[in-house]
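First comes the structure, then the notes that go with it.
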Amino acid sequence: MAISAASEERVAAIRNGMWYGLLLALTVWFALIPAFGGNLPFFFYLMLWVTMASAFNIISGFTGYMPFGYVAFYGIGAFTTAILTKKLGVPVYFSLPIAGLAGVALSLLFAKTLKLNGIYFAITSLALAIIVRLVITNMPEEITGGSFGISLGSRAEPVKSFYVMLGTMLAALLTVTWLARSRLGMALKAIRDDSEAAEAMGINVPRARLKAWMMSAFFPSMCGGIEAWYTNVVDTGTAFDVLITAKTIIYAMAGGLGTVTGPVLGAVIMVWLDDLFWQRFPLLNLFLLGTAIVLLIQFMPRGIVGSLMQRWPKLRRYIM
């Protein structure tokens, strides 16, 4: 038993070393991109989608929910940042954390929906996202800009917003890393597998679900706010586009839900493929991307990381 325990400790040390080494390498690499004239827009949106997919993994991969209305948090973050910065003159560095908190507040407003399961929760969350969009669209133009949205004027700072997105991505990845090894993370997986059995074991199911829901809402709200700062304009058509939810789900599932590395790998590969298809085959971009997604789901239904672990179970010990 002692040898087995020592072996497990070595494996854990190797796994942690590989993961944190990868995070350090990614941080240094992304941090140097603006200085060396890299493709700033591509890597900005790559970080955005890694963050979105990782945050989605908290509520879906760990907890077992599928919120089709996930874009509501992104949109509320974007408009909160725009209103505070443009209309109220709040510095953007203060607006962004408030945008994240606005997403958390919205998650608390939607918390009752966590009593629903499966497709009922998915459809209800989508309906609530549509309602939020309509509410913002019909608010006075002096506040939300109406159907035309809000322009932030000369406040766009691409390089600074790039680094803030980098910090947000790292915060999301470290949060999911902590969650995967925490008691809360184990409780969420137990709830995902069998909520009644988890409750019988003494787990406070509603409280654990709510914590996951709040964490998963914070980061997309931050992404929406940072993207608004980056592009300098916000409107309901783009901020509440259901394609944001669709891409988040696809990218997270492509890598493998329920693991820390899966959504990261899925986002990197799918964003790269999307960019490649767009550059080489602009007229066939959506067709080729859709084909790639269908093939991936057909041959790797658990995602890339999930399918690899299913094929070689020993990899579970080394993959975060």
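Structure values in brief
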| item | result |
| --- | --- |
| For A82: the one exception among (1) among the aliphatic types (A, V, I, L, M); (2) buried (at least 24 other Cβ atoms within 10 Å of the Cβ); (3) over 17 Å from F240 (Cα atoms); (4) touching a strand residue (DSSP E or B) at 6+ places or on another chain (Cβ under 8 Å) | (3) |
| Residues (touching a residue at least 60 places away in the same chain (Cβ under 8 Å) and under 23 Å from G89 (Cα atoms)) located in the stretch 125-143 | I136, T137, I143 |
| Subset of the stretch 309-320 (residues that are buried (at least 18 other Cβ atoms within 10 Å of the Cβ) and in a helix (DSSP H, G or I)) | M309 |
| Selection within the stretch 180-235 - outside any helix (DSSP H, G or I) and over 30 Å from V159 (Cα atoms) | S182, D194, M201, G202, I203, N204 |
| Search result, residues across the stretch 51-72 that are part of a helix (DSSP H, G or I) and touching a Phe, Trp or Tyr at 6+ places or on another chain (Cβ under 8 Å) | T51, M52, A53, S54, A55, F56, I59, V71, A72 |
| Residue identified as buried (at least 18 other Cβ atoms within 10 Å of the Cβ), under 20 Å from L108 (Cβ atoms) and not charged (D, E, K, R) among P220, P206 | P220 |
| Contacts under 8 angstrom Cβ, first residue in the stretch 285-310 being closer than 11 Å to L273 by Cβ and free of Cβ contacts under 8 Å to residues at least 40 places away in the same chain, partner aromatic (F, W, Y) and part of a loop (DSSP other than H, G, I, E, B), 6 or more apart | L288/F281 |
| Filtered residues of the stretch 66-100 (kept if under 15 Å from V135 (Cβ atoms) and in contact with a Pro (Cβ under 7 Å, 6 or more places away or on another chain)) | F73 |
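Laboratory data are not the source of any read-out in this text; all were calculated from the coordinates shown. Quick caveat, the model's predicted, so the values are computed rather than measured. Note: ideal-geometry Cβ built from the backbone for every residue, glycine included; neighbour counts use all protein chains shown.
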